[in-house]
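A short write-up of the structure that comes next.
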Number of protein chains: 2
Amino acid sequence: MGQTSTRDRIVIAASRLLQRQGYVGTGIKQIAKEAQATLGSVYHFFPDGKEAVAVAAIKYSDQEFAAILREALNSEQDPGAAVEACARQLADSLRESGWIDGCPVTAAALETLGTDSEIQQVCAAALRSWEGLMYDKLLRSGFRTEDARDLATTIISTLEGAEVSAQVKRSEEPLEAAGRQLARLVGSYEVVPSVAE
Amino acid sequence: MGQTSTRDRIVIAASRLLQRQGYVGTGIKQIAKEAQATLGSVYHFFPDGKEAVAVAAIKYSDQEFAAILREALNSEQDPGAAVEACARQLADSLRESGWIDGCPVTAAALETLGTDSEIQQVCAAALRSWEGLMYDKLLRSGFRTEDARDLATTIISTLEGAEVSAQVKRSEEPLEAAGRQLARLVGSYEVVPSVAE
DNA sequence: CTTCAGATAGAGCGTTCGTTTTAGCCCTTG
DNA sequence: CAAGGGCTAAAACGAACGCTCTATCTGAAG
């Protein structure tokens, strides 16, 4: 047995597979195989079945991506440069993965929209948590609350959409363009100097 | 028989189902049922099977969405206002559909990224055709070609991402915020007056 | 009327899906 | 040593999947 528990291996494997193949396209047996666990183990830790595994996996992806986002945002003091760093980071890891490891929740979210499953709720929570990180960064940079709210929502939307475009086109260009334009947009706001940063 | 051919009904039904459930989540038999056709008919018109149906359906969705986009872009002379009109149009039809009829290609594209199917190619072509419409609008408004290219890519990405956010959150707010911020971004450019418009 | 390709119809193929079930293993505790 | 709970293992269920097959229907040309 490795140092990661069987349950953790299941969650991590599921999060990767959901990211790449979506909810419908990912099978329970495939998750078990990828996690080097057996079907019995999966149903032991998640008696409620596939949807419960997916919910845990998406929550994990949420936190994992939030850490990456936080680091990119903290790498630059200027908010515009920080947003551009986020786009750069997304482009790098996307290219390195062969254009397959995109946003961890988009695929799963879109497939389960019609259904009233818990999945879309955790996906919405993930989006909100990422927007919250961006919102805080803007507030710390002296933005007014209304501006920060609108901007944070739009920045996350744009990064989301640019990542999808980059995946489909197999090119970093959409993310680079998004980074440039978002930096310009952020820079177009008058900001009151703050002692906080 | 109605006035639309069996083949057309299959393509239209497939495009709707792909939009709502993605590629993996949509079955051939479901397409046939929705199109009021039989399985035999589907395989008669598309001997290559499910993927061929999906390719035809996505191409149809591409043109259908391009028409909507063109109309929204032409409804306003000012490019910023035109982009905002696009966001407004997307928000309206999304709400009316109960947040299920989003971008017609995103779901299918994300699911088939790993595979080397023809689907992601037609999805990429759709994205490019929509960017082209936006690019032309910006050029006609006097934008420099480099600015127009970057902007068009980013605008389509943002609308794409904002639509996904709106679907997941079941709220028009992401699209409204995107419309406002995109209008601001477009307006931040110096534009040379043109006699063309 | 006959002919024959285009179009429709649906049973059934093998496979995989999510899930359930039953059995057995390991390892700590009494 | 015995006991029992946490965990693993694998067989098997019904349902649905994409697809193939054969059979029938339709309608215009000869």
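The values are calculated or read from the model by the stated rules, or taken from the named source; none is laboratory data. No experiment lies behind these values; they were computed from the predicted model shown. All Cβ positions, even for glycine, are placed from backbone atoms using ideal geometry, and neighbour counts span all protein chains on display. The accessibility values were calculated without ligands, DNA or RNA, using every heavy atom of the protein model including side chains. Shrake-Rupley method; radii C 1.70, N 1.55, O 1.52, S 1.80 Å.
For the pair A:Lys33/A:Glu146, report the inter-label distance in nm, with labels modelled 7 Å from Cα in the Cβ direction.
For A:Lys33 paired with A:Glu146, the spin-label model returns 5.6 nm.
Excluding residues fewer than 8 places away in the same chain, name every one of the lysines whose C-alpha is closer than 29 Å to that of B:Lys169.
A:Lys50, A:Lys59, A:Lys137, A:Lys169, B:Lys59
Considering chain B as a Gaussian network with a 10 Å cut-off on Cα pairs, which listed residue, B:Glu84, B:Glu163, B:Glu64, attains the greatest mean-square fluctuation?
B:Glu64
Set Lys and Arg Cβ to +1 and Asp and Glu Cβ to -1, take the dipole of segment B:1-147 about its Cα centre, and tell me which of B:Ile12, B:Tyr135, B:Gln121 lies farthest positive.
B:Ile12
Which one of B:Ala148, A:Ser75, A:Ile28 has its Cα pushed farthest toward the positive end of the charge dipole of the protein assembly as shown, where Lys and Arg give +1 and Asp and Glu give -1 at the Cβ?
Toward the positive end, the furthest listed residue is A:Ile28.
For segment A:48-105, restrict the atom set to alpha-carbon positions and state the Rg and Dmax in Å.
13.9, 46
Between the label point of B:Gln77 and that of the same position in each other copy, find the distances and list them shortest first in nm, with every label point placed 7 Å from Cα along the Cα-to-C-beta direction.
Those label-point separations list as 4.6 nm.
Looking at segment A:147-161, which residues lose a minimum of 30 Å² of accessible area between their chain alone and all protein chains in place, measuring with a 1.4 Å probe and not counting ligands or nucleic acids?
Residues of segment A:147-161 that lose at least 30 Å² of accessible area once the other chains are added: A:Asp150, A:Thr153, A:Thr154, A:Ser157, A:Thr158, A:Gly161.
B:Ile100's amide H: which non-local residues (gap 5+, or another chain) put their own amide H closer than 5 Å, with H modeled 1.01 Å from N in plane and none for Pro or chain starts?
Correct list: empty.
Please list the radius of gyration and Dmax for segment B:58-187, considering alpha-carbon atoms only, with Å as the unit.
Values for segment B:58-187 (Cα only, Rg and Dmax): 14.3, 42 Å.
Could you grab the relative contact order for chain B? Cα pairs under 8 Å, six or more apart, rounded to a whole percent.
25
Put a label point 7 Å from Cα along the Cβ direction on A:Ser188, then list its distances to the equivalent points in the other copies in nm, shortest first.
0.6
Per residue, what accessible area does segment B:1-154 have, given a 1.4 Å probe and all protein chains present, in Å²?
Computed with neighbouring chains in place, this is 45 Å² per residue.
Take every residue in peptide A:23-32, count the Cβ atoms of other chains within 10 Å of its Cβ, and give the average of those counts.
What the average comes to for A:23-32 is 2.
Take the alpha carbon atoms of the protein assembly as shown, find their radius of gyration, then divide it by 2.2 N^0.38 Å using N residues; give the quotient.
1.01
May I ask for the distance between the Cα centers of segment A:147-187 and segment B:52-71, given as a whole number of Å?
Comparing the Cα centres of segment A:147-187 and segment B:52-71, I get a distance of 24 Å.
Using the Kyte-Doolittle scale, which helices in chain A average at least -1.0 and also have C-alpha atoms spread 27 Å or more along the helix axis, with helices defined as whole DSSP H runs? All intermediate terms of the calculation are to be shown ahead of the outcome.
Working: long enough: A:50-74 (36 Å, 0.20); A:119-140 (32 Å, 0.15); A:145-169 (35 Å, -0.08).
Length and hydropathy pass: A:50-74, A:119-140, A:145-169.
Taking a cut-off of 17 Å, what percent of all Cα-Cα pairs in segment A:19-68 are separated by more than that?
Cα-Cα pairs of segment A:19-68 separated by over 17 Å account for 36 percent.
Residues with beta-carbon under 13 Å from that of B:Leu94, excluding B:Leu94: net charge, scoring Lys, Arg +1 and Asp, Glu -1?
Working: positive: B:Arg20, B:Arg88, B:Arg95, B:Lys169, B:Arg170; negative: B:Asp92, B:Glu96, B:Asp101, B:Glu160, B:Glu163, B:Glu172, B:Glu173, B:Glu176.
Charge balance near B:Leu94 sits at -3.
For chain B, set up a GNM with springs between Cα atoms under 10 Å and report which of B:Glu146, B:Glu131, B:Glu111 has the largest fluctuation.
B:Glu146
At 7 angstrom along the Cα-to-beta-carbon line, where would the label on B:Thr145 sit relative to the other copies? Give the distances in nm, shortest first.
Copy-to-copy label distances for B:Thr145: 4.8 nm.
Mind checking the dipole of segment B:4-156: about its Cα centre, +1 per Lys or Arg Cβ, -1 per Asp or Glu Cβ, Debye to the nearest 20?
440
At q = 0.18 Å⁻¹, what base-10 log of I(q)/I(0) does the Debye formula yield for segment B:1-103 when every alpha carbon is treated as an equal point scatterer in vacuo?
-0.86
List the residues, sorted by chain then number, that are 5 or more residues from A:Leu113 or on another chain and whose placed amide H is less than 5 Å from its amide H.
Here the answer is none, since no amide H 5 or more places off falls under 5 Å of that of A:Leu113.
Can you name the chain A residue with its Cβ nearest the rotation axis from A to B, and give the distance in Å as a whole number?
Rotation axis A onto B, closest Cβ, rounded to whole Å: A:Gly161, 1.
How many Å² of accessible surface get buried when B and A come together, counting both sides, probe radius 1.4 Å, rounded to the nearest 100? Walk me through the intermediate numbers first.
Details: alone 10510 and 10510 Å², together 17160 Å².
In total, chains B and A hide about 3900 Å² from solvent.
Carbon and sulfur together cover what percent of the accessible area of chain B at a 1.4 Å probe radius?
Taking all protein chains in place, chain B shows 49 percent carbon and sulfur surface.
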